[in-house]
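Asker: Shown below is the structure under consideration.
Just so you know, all these numbers are worked out from the coordinates, no wet-lab data involved. Since the structure is predicted, the reported quantities are computational estimates derived from the model, not experimental observations. Reconstructed Cβ throughout: ideal geometry from the backbone, glycine too, with neighbour counts over all protein chains shown.
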Amino acid sequence: MSAHYLGVDLGSTTAKAVIVDQGAVIRAASTVQMGAVSRQGMQRAVDEALAEAGIQPGAITGTIATGYGRRLVPGAQRTFTEITCHARGTAAMCPGVRLVIDIGGQDSKAITVDEYGLVDEFAMNDRCASGTGRFYDVLARALECDIDDLGSLALRGTRDLEVSSMCATFAETEIISLLAQGWPTEDIAASVHRAIAGRTLALVAQVGRHAPVVLTGGVARNPAAVEFLSRALRMEVGVPEHPQITGAYGAALLAMESAAKEGPVSASADRDADTDVQLFPHTHDGHSCAGCDGTPGGGSAVDLGGAIEVRSSR
Ligand code: ADP
């Protein structure tokens, strides 16, 4: 019987599961939208992937979990941080990549990788909704637009309106105010995308503008996010065919590589100990708007400096 390896990425808004075979080929992948970090969402993602691969749970040789909820994944032998998994998965999908920008529902990360696809340095914003999927969700809601259609709407925009607040709470008020002034929704959408791309540029500045650059995470499914980021960086931004599953794919590849090195590991052998935690201490000290003075429309955009963490493996 051929071996199969499972990677599970339990994120803030979606659960992703990827199954690879011993040749690192993706046999199945699933993404399940959920309310918040959810065990049911995760189980559904795993069940869907197993069904697509046409295998029973017992046919899984190794499982690795990543994402916010990684410690909630039953049967995972190990957990790895999203940094390691996104870098690993993206490097496998886009060989030669040097800068991975991952924008998920609740955080954004800029990760530089070396020629072997290993993490060199990363910067992360996980304390402020600015520049994350949540900000795009707020925009879509305010414009009464489906998140799937937000990108095409923004790409039709031609005006550059001033969006001064990058705090999700106050930006919503500002967007509603722009709507009340009669500005077309496409111009508002374009302007907010431009402003968010500027935030991402600040994140990238922490690790340097390396090329080639690849955007991953759910936000990479938004063509306007890709376009405005590309303009802000003045670089072409690549997107993998399935950008939302790169973390789960990286986790599945790590499960495969761990088994090759050590043989199958029994479940819970290394639970609750992020394997890469020594390299990249992941110090979540809350999700407050550390870089936000709370002033709506207070002139220039809020400085995100205090909300960005930079870590180096060197
Ligand atoms: P997480 O891993 O934290 O759950 P994801 O990487 O799944 O996050 O990204 C979720 C975000 O992706 C959502 O907040 C949303 O803004 C964005 N997103 C999801 N699907 C789409 C889509 N079809 N088009 C545009 N944006 C999307």
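Asker: Find the eigenvalues of the gyration tensor of the Cα atoms of region 50-207, then list the square roots of 5 times those eigenvalues as equivalent ellipsoid semi-axes, largest first, in whole angstrom.
Answerer: Each semi-axis is the square root of five times an eigenvalue, giving 35, 19, 14 Å.
Asker: Using the Kirkwood radius built from alpha carbon pairs, what does the Stokes-Einstein equation give as D for region 157-241 at 10 °C and 1.306 mPa s, in µm² per second?
Answerer: Taking Rh from Cα pairs, D becomes 116 µm²/s.
Asker: Give the Cα extents of region 22-87 along the principal axes, in whole Å, largest first.
Answerer: 28, 25, 19
Asker: Can you report the principal axis dimensions of region 98-172 using only the alpha carbons, biggest first, rounded to whole angstrom?
Answerer: Projected onto the principal axes, the Cα atoms of region 98-172 cover 43, 26, 22 Å.
Asker: Let me ask something else. Tell me, what is the Rg over Rh of region 1-111, with Rh the Kirkwood radius over Cα pairs?
Answerer: Taking Rh as the inverse mean 1/r over Cα pairs, Rg/Rh reads 0.95.
Asker: Once the Cβ-Cβ distance between GLN40 and ASP148 is put in as r, and R0 is 25 Å, what FRET efficiency do you end up with, to the nearest 0.05?
Answerer: Approximately 0.60, to the nearest 0.05.
Asker: Further question: Quick one: net charge of GLY54's neighbours, Cβ under 15 Å, K/R +1, D/E -1?
Answerer: -3
Asker: Cut-off 12 Å, label point 7 angstrom out along Cα-to-Cβ of GLN181: give me the residues of region 128-158 whose amide nitrogen falls inside.
Answerer: It comes to no residues whatsoever.
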